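Take a look at the structure below.
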Amino acid sequence: MLATMARAWILFSFLSMFPNLMIHNITLPLYGIMIFLGCLAGLFVALGRSRRAAIKKEDTFYAFLFGIIGLIVGGKLLYLLTISTELPALFRNAIDKFELIRVLLTGGFVFFGSLIGIFGMLVGYSWAFKIDFKKLLLAFTPAIPLAQSFGRIGCFFAGCCHGIKSEACGVYFLHSAVAPPNIKLFPVQLIEAFGTFLIFCLLHFVFRQVQDGYFLFALYIFVYAPFRFILEFWRGDDLRGSLFRLSTSQWISLLLILVVSVLWIYRSRNSIRTE
Amino acid sequence: MNNQQQFQQQDPIQQQRQQHAYQQSQQTPNGYQPQPQAAGGLAIASLILGIVSLIFLFLPVLGYIGIITALVGLILAIVARKQQPTGIATAGLILNIIALVVVTIVFIACAICVSEVSRIAQQLR
(Lines give C-alpha, C1' and ligand atoms only; values in the text may rest on other atoms or scores of the structure.)
Protein backbone atom coordinates (compact mmCIF):
# COMPACT_ATOMS: atom_id res chain seq x y z
CA MET A 1 0.00 0.00 0.00
CA LEU A 2 2.75 2.46 0.97
CA ALA A 3 4.78 1.47 -2.08
CA THR A 4 1.75 2.10 -4.33
CA MET A 5 1.19 5.50 -2.76
CA ALA A 6 4.86 6.38 -3.19
CA ARG A 7 4.75 5.37 -6.87
CA ALA A 8 1.58 7.42 -7.35
CA TRP A 9 3.29 10.40 -5.70
CA ILE A 10 6.29 10.13 -8.02
CA LEU A 11 3.94 9.92 -11.00
CA PHE A 12 2.02 13.04 -9.91
CA SER A 13 5.25 14.92 -9.27
CA PHE A 14 6.33 14.02 -12.79
CA LEU A 15 2.97 14.93 -14.36
CA SER A 16 2.90 18.32 -12.60
CA MET A 17 5.80 19.38 -14.83
CA PHE A 18 3.76 19.13 -18.04
CA PRO A 19 0.92 21.64 -18.37
CA ASN A 20 0.59 21.17 -22.13
CA LEU A 21 0.24 18.40 -24.67
CA MET A 22 2.32 18.76 -27.85
CA ILE A 23 0.88 17.22 -31.01
CA HIS A 24 2.73 18.02 -34.24
CA ASN A 25 3.84 21.50 -33.10
CA ILE A 26 0.34 22.28 -31.78
CA THR A 27 0.23 23.08 -28.08
CA LEU A 28 -2.93 21.93 -26.34
CA PRO A 29 -3.36 22.98 -22.71
CA LEU A 30 -4.13 19.94 -20.59
CA TYR A 31 -6.42 22.09 -18.45
CA GLY A 32 -8.75 22.66 -21.40
CA ILE A 33 -8.58 19.00 -22.41
CA MET A 34 -9.51 17.87 -18.89
CA ILE A 35 -12.42 20.34 -18.77
CA PHE A 36 -13.64 18.94 -22.10
CA LEU A 37 -13.32 15.33 -20.91
CA GLY A 38 -15.07 16.22 -17.65
CA CYS A 39 -17.99 17.79 -19.49
CA LEU A 40 -18.21 14.75 -21.76
CA ALA A 41 -18.22 12.38 -18.76
CA GLY A 42 -20.91 14.52 -17.11
CA LEU A 43 -23.01 14.39 -20.27
CA PHE A 44 -22.82 10.57 -20.41
CA VAL A 45 -23.84 10.32 -16.75
CA ALA A 46 -26.78 12.71 -17.30
CA LEU A 47 -27.91 10.85 -20.43
CA GLY A 48 -27.72 7.56 -18.52
CA ARG A 49 -29.85 9.01 -15.73
CA SER A 50 -32.37 10.69 -18.04
CA ARG A 51 -34.45 7.51 -18.33
CA ARG A 52 -34.78 7.22 -14.54
CA ALA A 53 -35.59 10.94 -14.41
CA ALA A 54 -38.23 10.47 -17.16
CA ILE A 55 -36.76 13.12 -19.47
CA LYS A 56 -36.16 12.68 -23.18
CA LYS A 57 -32.47 12.25 -24.12
CA GLU A 58 -32.88 15.16 -26.54
CA ASP A 59 -33.96 17.46 -23.70
CA THR A 60 -31.08 16.21 -21.53
CA PHE A 61 -28.61 17.05 -24.30
CA TYR A 62 -30.02 20.54 -24.87
CA ALA A 63 -30.18 21.21 -21.12
CA PHE A 64 -26.53 20.09 -20.93
CA LEU A 65 -25.57 22.66 -23.58
CA PHE A 66 -27.49 25.33 -21.66
CA GLY A 67 -25.58 24.22 -18.55
CA ILE A 68 -22.25 24.63 -20.39
CA ILE A 69 -23.21 28.19 -21.29
CA GLY A 70 -24.05 28.83 -17.62
CA LEU A 71 -20.73 27.25 -16.57
CA ILE A 72 -18.71 29.59 -18.80
CA VAL A 73 -20.69 32.79 -18.18
CA GLY A 74 -21.25 32.23 -14.43
CA GLY A 75 -17.64 31.25 -13.73
CA LYS A 76 -16.34 34.23 -15.68
CA LEU A 77 -18.70 36.76 -14.05
CA LEU A 78 -17.82 35.64 -10.53
CA TYR A 79 -14.12 35.73 -11.39
CA LEU A 80 -14.48 39.31 -12.65
CA LEU A 81 -16.41 40.16 -9.48
CA THR A 82 -13.59 38.83 -7.28
CA ILE A 83 -11.08 41.10 -9.04
CA SER A 84 -13.50 44.00 -9.54
CA THR A 85 -11.61 46.28 -7.15
CA GLU A 86 -8.46 45.83 -9.26
CA LEU A 87 -10.17 46.33 -12.65
CA PRO A 88 -10.23 50.16 -12.85
CA ALA A 89 -6.54 50.38 -11.98
CA LEU A 90 -5.71 47.55 -14.38
CA PHE A 91 -7.44 49.29 -17.29
CA ARG A 92 -5.99 52.69 -16.39
CA ASN A 93 -2.44 51.41 -16.35
CA ALA A 94 -2.56 48.73 -19.05
CA ILE A 95 -0.40 49.61 -22.05
CA ASP A 96 -2.29 47.23 -24.34
CA LYS A 97 -5.95 47.29 -23.31
CA PHE A 98 -6.94 44.72 -25.96
CA GLU A 99 -4.38 42.35 -24.51
CA LEU A 100 -5.83 42.90 -21.04
CA ILE A 101 -9.37 42.21 -22.32
CA ARG A 102 -8.08 39.07 -24.03
CA VAL A 103 -6.47 37.89 -20.83
CA LEU A 104 -9.61 38.60 -18.78
CA LEU A 105 -11.91 36.89 -21.30
CA THR A 106 -9.96 33.69 -21.79
CA GLY A 107 -8.76 32.79 -18.34
CA GLY A 108 -9.92 32.86 -14.77
CA PHE A 109 -13.05 31.04 -13.68
CA VAL A 110 -14.49 30.51 -10.21
CA PHE A 111 -16.24 27.16 -9.73
CA PHE A 112 -19.04 28.50 -7.54
CA GLY A 113 -19.88 31.04 -10.22
CA SER A 114 -20.05 28.19 -12.72
CA LEU A 115 -22.31 26.21 -10.36
CA ILE A 116 -24.70 29.16 -9.97
CA GLY A 117 -24.58 29.68 -13.75
CA ILE A 118 -25.39 26.01 -14.43
CA PHE A 119 -28.28 26.14 -11.93
CA GLY A 120 -29.62 29.36 -13.46
CA MET A 121 -29.48 28.05 -17.03
CA LEU A 122 -31.18 24.77 -16.06
CA VAL A 123 -33.96 26.83 -14.42
CA GLY A 124 -34.17 28.88 -17.62
CA TYR A 125 -34.34 25.76 -19.79
CA SER A 126 -37.05 24.12 -17.67
CA TRP A 127 -39.11 27.34 -17.70
CA ALA A 128 -38.70 28.00 -21.44
CA PHE A 129 -39.48 24.46 -22.60
CA LYS A 130 -41.87 23.36 -19.83
CA ILE A 131 -39.69 20.59 -18.37
CA ASP A 132 -40.03 19.61 -14.71
CA PHE A 133 -36.99 21.21 -13.01
CA LYS A 134 -36.90 18.51 -10.32
CA LYS A 135 -36.33 15.90 -13.05
CA LEU A 136 -33.51 17.95 -14.58
CA LEU A 137 -31.82 18.14 -11.17
CA LEU A 138 -32.22 14.37 -10.75
CA ALA A 139 -30.42 13.79 -14.06
CA PHE A 140 -27.68 16.40 -13.71
CA THR A 141 -26.71 16.63 -10.04
CA PRO A 142 -24.27 13.65 -9.95
CA ALA A 143 -22.70 14.83 -13.23
CA ILE A 144 -21.52 18.09 -11.63
CA PRO A 145 -19.01 16.64 -9.13
CA LEU A 146 -17.73 14.18 -11.76
CA ALA A 147 -16.98 17.01 -14.22
CA GLN A 148 -15.46 18.98 -11.35
CA SER A 149 -13.14 16.09 -10.52
CA PHE A 150 -11.74 16.12 -14.07
CA GLY A 151 -11.43 19.91 -13.94
CA ARG A 152 -9.36 19.80 -10.76
CA ILE A 153 -6.97 17.31 -12.35
CA GLY A 154 -6.67 19.86 -15.16
CA CYS A 155 -5.88 22.50 -12.54
CA PHE A 156 -3.12 20.23 -11.24
CA PHE A 157 -1.57 19.98 -14.73
CA ALA A 158 -1.76 23.76 -15.16
CA GLY A 159 -0.48 24.46 -11.66
CA CYS A 160 -3.35 26.83 -10.93
CA CYS A 161 -5.54 26.68 -7.81
CA HIS A 162 -2.43 25.37 -6.06
CA GLY A 163 -1.97 24.75 -2.36
CA ILE A 164 0.21 26.30 0.33
CA LYS A 165 3.94 25.77 0.63
CA SER A 166 4.70 22.27 1.88
CA GLU A 167 8.14 20.70 2.07
CA ALA A 168 6.78 17.40 3.41
CA CYS A 169 4.14 16.58 0.80
CA GLY A 170 4.50 19.22 -1.89
CA VAL A 171 5.30 18.96 -5.60
CA TYR A 172 7.18 21.31 -7.92
CA PHE A 173 5.29 22.97 -10.80
CA LEU A 174 8.28 23.69 -12.98
CA HIS A 175 6.48 24.85 -16.14
CA SER A 176 3.35 26.41 -14.71
CA ALA A 177 2.42 29.98 -15.64
CA VAL A 178 0.90 30.49 -12.19
CA ALA A 179 2.63 28.46 -9.55
CA PRO A 180 6.08 29.58 -8.37
CA PRO A 181 8.56 27.12 -9.92
CA ASN A 182 11.04 26.62 -7.08
CA ILE A 183 8.65 26.06 -4.21
CA LYS A 184 7.08 22.77 -3.20
CA LEU A 185 3.33 23.27 -3.11
CA PHE A 186 0.65 21.09 -1.53
CA PRO A 187 -1.37 19.45 -4.37
CA VAL A 188 -4.76 20.50 -3.01
CA GLN A 189 -6.17 20.10 -6.55
CA LEU A 190 -5.74 16.31 -6.34
CA ILE A 191 -7.37 16.16 -2.92
CA GLU A 192 -10.38 18.04 -4.27
CA ALA A 193 -10.45 15.86 -7.40
CA PHE A 194 -10.55 12.73 -5.24
CA GLY A 195 -13.16 14.20 -2.91
CA THR A 196 -15.49 15.30 -5.70
CA PHE A 197 -15.16 11.87 -7.31
CA LEU A 198 -16.29 10.32 -4.01
CA ILE A 199 -19.24 12.74 -3.93
CA PHE A 200 -20.17 11.62 -7.46
CA CYS A 201 -20.06 7.96 -6.34
CA LEU A 202 -22.22 8.86 -3.31
CA LEU A 203 -24.87 10.63 -5.38
CA HIS A 204 -24.91 8.22 -8.33
CA PHE A 205 -24.49 4.82 -6.65
CA VAL A 206 -25.36 5.08 -2.96
CA PHE A 207 -28.45 7.24 -3.45
CA ARG A 208 -29.43 5.40 -6.60
CA GLN A 209 -33.10 4.97 -5.70
CA VAL A 210 -33.75 8.63 -4.86
CA GLN A 211 -36.40 10.17 -7.12
CA ASP A 212 -36.39 13.67 -5.64
CA GLY A 213 -34.05 15.97 -7.59
CA TYR A 214 -34.25 18.70 -4.93
CA PHE A 215 -33.11 16.25 -2.24
CA LEU A 216 -30.18 15.11 -4.39
CA PHE A 217 -29.02 18.67 -5.11
CA ALA A 218 -29.38 19.68 -1.46
CA LEU A 219 -27.31 16.60 -0.50
CA TYR A 220 -24.61 17.65 -2.98
CA ILE A 221 -24.44 21.15 -1.47
CA PHE A 222 -24.42 19.85 2.12
CA VAL A 223 -21.50 17.52 1.32
CA TYR A 224 -19.44 19.65 -1.10
CA ALA A 225 -19.73 23.09 0.56
CA PRO A 226 -18.21 22.06 3.94
CA PHE A 227 -15.55 20.01 2.10
CA ARG A 228 -14.62 23.06 0.01
CA PHE A 229 -14.68 25.32 3.09
CA ILE A 230 -12.08 23.13 4.81
CA LEU A 231 -9.93 22.68 1.69
CA GLU A 232 -9.71 26.46 1.22
CA PHE A 233 -7.42 26.66 4.28
CA TRP A 234 -4.85 24.70 2.24
CA ARG A 235 -5.18 26.88 -0.87
CA GLY A 236 -2.14 29.01 -1.61
CA ASP A 237 -3.44 31.19 -4.48
CA ASP A 238 -4.91 34.13 -2.60
CA LEU A 239 -5.54 36.40 -5.58
CA ARG A 240 -9.22 35.42 -5.55
CA GLY A 241 -9.96 37.75 -2.70
CA SER A 242 -10.79 37.41 0.98
CA LEU A 243 -12.92 39.08 3.62
CA PHE A 244 -12.34 38.83 7.39
CA ARG A 245 -9.73 36.07 6.85
CA LEU A 246 -12.13 33.88 4.88
CA SER A 247 -11.75 33.50 1.12
CA THR A 248 -14.50 34.33 -1.39
CA SER A 249 -15.18 30.61 -1.90
CA GLN A 250 -15.51 30.04 1.84
CA TRP A 251 -18.09 32.80 2.11
CA ILE A 252 -19.97 31.36 -0.85
CA SER A 253 -19.86 27.88 0.74
CA LEU A 254 -21.43 29.27 3.92
CA LEU A 255 -24.03 31.19 1.91
CA LEU A 256 -24.98 28.12 -0.13
CA ILE A 257 -25.40 26.00 3.02
CA LEU A 258 -27.60 28.71 4.53
CA VAL A 259 -29.74 29.22 1.40
CA VAL A 260 -30.25 25.49 0.77
CA SER A 261 -31.07 24.91 4.47
CA VAL A 262 -33.69 27.67 4.47
CA LEU A 263 -35.24 26.39 1.24
CA TRP A 264 -35.28 22.83 2.57
CA ILE A 265 -36.98 23.84 5.82
CA TYR A 266 -39.52 25.93 3.88
CA ARG A 267 -40.23 23.03 1.53
CA SER A 268 -40.60 20.54 4.43
CA ARG A 269 -43.05 22.86 6.24
CA ASN A 270 -45.07 23.33 3.05
CA SER A 271 -45.31 19.59 2.45
CA ILE A 272 -46.40 19.05 6.10
CA ARG A 273 -49.10 21.71 5.69
CA THR A 274 -50.47 20.15 2.49
CA GLU A 275 -50.59 16.73 4.20
CA MET B 1 -77.73 13.86 -37.42
CA ASN B 2 -74.87 12.94 -35.14
CA ASN B 3 -71.38 14.47 -35.19
CA GLN B 4 -69.82 11.69 -37.23
CA GLN B 5 -72.38 12.02 -40.00
CA GLN B 6 -71.92 15.80 -39.96
CA PHE B 7 -68.14 15.38 -40.27
CA GLN B 8 -68.48 12.93 -43.17
CA GLN B 9 -70.71 15.35 -45.07
CA GLN B 10 -68.20 18.25 -44.81
CA ASP B 11 -65.95 19.44 -47.62
CA PRO B 12 -62.91 17.02 -47.80
CA ILE B 13 -60.40 19.91 -47.69
CA GLN B 14 -62.03 21.27 -44.56
CA GLN B 15 -61.95 17.76 -43.07
CA GLN B 16 -58.19 17.59 -43.74
CA ARG B 17 -57.63 20.97 -42.12
CA GLN B 18 -59.56 19.99 -39.03
CA GLN B 19 -57.70 16.68 -38.82
CA HIS B 20 -54.33 18.44 -39.16
CA ALA B 21 -55.24 20.96 -36.47
CA TYR B 22 -56.36 18.11 -34.19
CA GLN B 23 -53.11 16.19 -34.81
CA GLN B 24 -51.01 19.29 -34.15
CA SER B 25 -52.73 19.87 -30.82
CA GLN B 26 -52.15 16.20 -29.94
CA GLN B 27 -48.41 16.47 -30.72
CA THR B 28 -47.83 19.21 -28.17
CA PRO B 29 -49.52 17.98 -25.00
CA ASN B 30 -47.42 20.28 -22.82
CA GLY B 31 -48.87 23.32 -24.58
CA TYR B 32 -45.62 24.30 -26.36
CA GLN B 33 -46.65 25.45 -29.85
CA PRO B 34 -44.11 25.53 -32.71
CA GLN B 35 -43.80 28.78 -34.67
CA PRO B 36 -42.42 27.89 -38.12
CA GLN B 37 -41.42 31.37 -39.40
CA ALA B 38 -39.69 32.43 -36.18
CA ALA B 39 -37.92 29.04 -36.03
CA GLY B 40 -36.61 29.50 -39.59
CA GLY B 41 -35.14 32.89 -38.72
CA LEU B 42 -33.54 31.54 -35.55
CA ALA B 43 -32.05 28.59 -37.43
CA ILE B 44 -30.49 30.84 -40.05
CA ALA B 45 -29.15 33.18 -37.36
CA SER B 46 -27.61 30.26 -35.47
CA LEU B 47 -25.99 28.95 -38.67
CA ILE B 48 -24.51 32.36 -39.46
CA LEU B 49 -23.23 32.78 -35.90
CA GLY B 50 -21.73 29.28 -36.04
CA ILE B 51 -19.84 30.07 -39.24
CA VAL B 52 -18.73 33.44 -37.87
CA SER B 53 -17.56 31.83 -34.58
CA LEU B 54 -15.44 29.27 -36.41
CA ILE B 55 -13.88 31.94 -38.64
CA PHE B 56 -13.19 34.23 -35.66
CA LEU B 57 -11.57 31.44 -33.67
CA PHE B 58 -8.82 31.13 -36.25
CA LEU B 59 -8.13 34.88 -36.34
CA PRO B 60 -5.67 36.14 -33.73
CA VAL B 61 -7.51 39.26 -32.56
CA LEU B 62 -11.17 38.28 -33.10
CA GLY B 63 -10.88 34.82 -31.55
CA TYR B 64 -12.24 36.01 -28.24
CA ILE B 65 -15.33 37.55 -29.84
CA GLY B 66 -15.88 34.10 -31.34
CA ILE B 67 -16.53 32.80 -27.82
CA ILE B 68 -19.45 35.20 -27.39
CA THR B 69 -20.93 34.53 -30.83
CA ALA B 70 -20.65 30.76 -30.24
CA LEU B 71 -22.58 31.05 -26.95
CA VAL B 72 -25.35 33.15 -28.52
CA GLY B 73 -25.48 30.93 -31.62
CA LEU B 74 -25.82 27.83 -29.45
CA ILE B 75 -28.86 29.24 -27.61
CA LEU B 76 -30.50 30.23 -30.91
CA ALA B 77 -29.80 26.80 -32.43
CA ILE B 78 -31.34 24.97 -29.45
CA VAL B 79 -34.46 27.18 -29.47
CA ALA B 80 -34.79 26.71 -33.24
CA ARG B 81 -34.44 22.92 -32.96
CA LYS B 82 -36.99 22.76 -30.16
CA GLN B 83 -39.46 24.78 -32.21
CA GLN B 84 -38.88 23.07 -35.54
CA PRO B 85 -36.01 20.61 -36.10
CA THR B 86 -34.69 21.50 -39.56
CA GLY B 87 -31.39 20.80 -41.27
CA ILE B 88 -30.30 24.43 -40.94
CA ALA B 89 -30.94 24.40 -37.18
CA THR B 90 -28.98 21.15 -36.86
CA ALA B 91 -26.09 22.59 -38.86
CA GLY B 92 -26.10 25.72 -36.68
CA LEU B 93 -26.08 23.55 -33.56
CA ILE B 94 -23.15 21.43 -34.77
CA LEU B 95 -21.04 24.43 -35.84
CA ASN B 96 -21.59 26.24 -32.54
CA ILE B 97 -20.76 23.09 -30.56
CA ILE B 98 -17.52 22.68 -32.53
CA ALA B 99 -16.67 26.33 -31.86
CA LEU B 100 -17.30 25.89 -28.13
CA VAL B 101 -15.17 22.72 -27.98
CA VAL B 102 -12.29 24.55 -29.67
CA VAL B 103 -12.70 27.47 -27.25
CA THR B 104 -12.74 25.13 -24.25
CA ILE B 105 -9.63 23.23 -25.22
CA VAL B 106 -7.49 25.98 -26.72
CA PHE B 107 -8.49 29.30 -25.20
CA ILE B 108 -9.69 28.58 -21.69
CA ALA B 109 -6.56 28.35 -19.59
CA CYS B 110 -7.10 29.65 -16.10
CA ALA B 111 -3.41 29.55 -15.40
CA ILE B 112 -2.42 32.06 -18.02
CA CYS B 113 -4.98 34.66 -17.04
CA VAL B 114 -4.45 34.44 -13.32
CA SER B 115 -0.71 34.83 -13.72
CA GLU B 116 -1.07 37.83 -16.03
CA VAL B 117 -3.59 39.60 -13.82
CA SER B 118 -1.68 38.83 -10.63
CA ARG B 119 1.56 40.08 -12.17
CA ILE B 120 -0.08 43.34 -13.30
CA ALA B 121 -1.90 43.77 -10.00
CA GLN B 122 1.31 43.29 -8.03
CA GLN B 123 3.10 45.85 -10.17
CA LEU B 124 0.40 48.37 -9.41
CA ARG B 125 0.57 47.93 -5.61
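The values are calculated or read from the model by the stated rules, or taken from the named source; none is laboratory data. Just so you know, these numbers come straight off a predicted model, no measurement behind them. Every residue, glycine among them, receives a Cβ derived from its backbone with ideal geometry; neighbour counts consider all protein chains shown. With ligands, DNA and RNA removed, areas are computed over all heavy atoms of the protein, side chains included. Shrake-Rupley method; radii C 1.70, N 1.55, O 1.52, S 1.80 Å.
Here is a list of conditions, (1) buried (at least 19 other Cβ atoms within 10 Å of the Cβ); (2) outside any helix (DSSP H, G or I), and A:ARG228 meets all of them except one; can you say which number that is? Result: A:ARG228 passes all but (2). Scan segment A:93-117 for residues that are closer than 14 Å to A:ILE252 by Cβ and among the β-branched types (Val, Ile, Thr) and jot them down. Selection gives A:VAL110, A:ILE116. Just give me the residues in segment A:24-40 being at pLDDT 80 or above and closer than 14 Å to B:VAL101 by Cβ, in sequence order. Listed by number, the residues that qualify are A:GLY32, A:ILE33, A:MET34, A:ILE35, A:PHE36, A:LEU37, A:GLY38, A:CYS39, A:LEU40.
Just one of the listed residues (B:TYR64, B:TYR22) is at pLDDT below 85, closer than 27 Å to A:TRP127 by Cα and among the aromatic types (Phe, Trp, Tyr), and it is B:TYR22. Just one of the numbered conditions (1) modelled with pLDDT under 90; (2) open to solvent by less than 50 Å² (accessible area, probe 1.4 Å); (3) in a helix (DSSP H, G or I); (4) more than 24 Å from A:PHE109 (Cβ to Cβ) is not true of A:VAL210: (3).
Tell me, please, whether a residue that is of a type outside the set (Ser, Thr, Tyr), more than 23 Å from A:GLY67 (Cβ to Cβ) and in a loop (DSSP other than H, G, I, E, B) can be found in segment A:138-159. Yes: one or more hits. Of the residues making up segment A:164-198, those that are touching a residue at least 40 places away in the same chain (Cβ under 8 Å), among the polar types (S, T, N, Q) and more than 14 Å from chain B (Cβ to nearest Cβ) number 1. Summed over segment A:77-106, the residues that are within 21 Å of B:VAL72 (Cβ to Cβ) and open to solvent by less than 20 Å² (accessible area, probe 1.4 Å) give a count of 3.
Checking A:PHE91, A:PHE66, A:PHE61, A:PHE119 one by one, the residue that is over 24 Å from A:PRO187 (Cα atoms), in a helix (DSSP H, G or I) and away from chain B (no Cβ under 13 Å) is A:PHE119 and no other.
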